[in-house]
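Scroll down for the structure; my scribbles are underneath it.
The values are calculated or read from the model by the stated rules, or taken from the named source; none is laboratory data. No experiment lies behind these values; they were computed from the predicted model shown. Please note: Cβ atoms are built from the backbone with ideal geometry, for glycine as well, and neighbour counts cover all protein chains shown.
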């Protein structure tokens, strides 16, 4: 839970500093966001490539497992689209971009900040961070009432790392492979899907 606690803590610290007015004369260079985006994508690729266990899982992969991340993407975007009826202040494209973060709050918020703006990036950060926290807290409830795949779907891209322990705890080790494969695939596609949504028709 440490990362889930530290993330909002650092956000609140930054928000407090911004509201204090002490940093009003300092504006970070715009290039910093771009460099942070490149660094996040690089580190994401390294973390996936260096994880030998993940690649061993792919070698013995049942193609039916691929339906899980596909269903998660469709479900996440579909669910996000439904919220457009209660969030008229946001365009459908913006809402879909937030939903396309698939729980990967750090990378998706940076991509959105670069392509659209900081306001929507903040929405993406809080939305996808909430998705991870909800998965950790409510995984047993999801598994009980909606089946074992529901916890993996809720975790999204985080089902390969931060939410994996709680998913295994309440679904069993048999679902660990599905969780890792789904998380890896979703982690890879997040920057591409978010970028596609924000650039098409822009």
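Tabulated results
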quantity	calculated
Tally of residues being touching a helix residue (DSSP H, G or I) at 6+ places or on another chain (Cβ under 9 Å), without any contact (Cβ under 8 Å) to a residue 24 or more places away in the chain and closer than 22 Å to residue 160 by Cβ across the range 71-98	3
Flag if residue 143 is buried (at least 18 other Cβ atoms within 10 Å of the Cβ), in a helix (DSSP H, G or I), at pLDDT 90 or above and touching a helix residue (DSSP H, G or I) at 6+ places or on another chain (Cβ under 7 Å)	yes
One residue from 126, 92 being more than 15 Å from residue 198 (Cβ to Cβ) and either in contact with a strand residue (DSSP E or B) (Cβ under 6 Å, 6 or more places away or on another chain) or surrounded by fewer than 23 Cβ atoms within 10 Å (Cβ to Cβ) (or both)	126
Positions within the range 153-175 being within 15 Å of residue 130 (Cα to Cα) and assigned to a helix (DSSP H, G or I), in sequence order	153, 154, 155, 156, 157, 158, 159
Residue check, residue 121 modelled with pLDDT of 90 or more, touching a helix residue (DSSP H, G or I) at 6+ places or on another chain (Cβ under 8 Å) and within 19 Å of residue 152 (Cα to Cα)	no
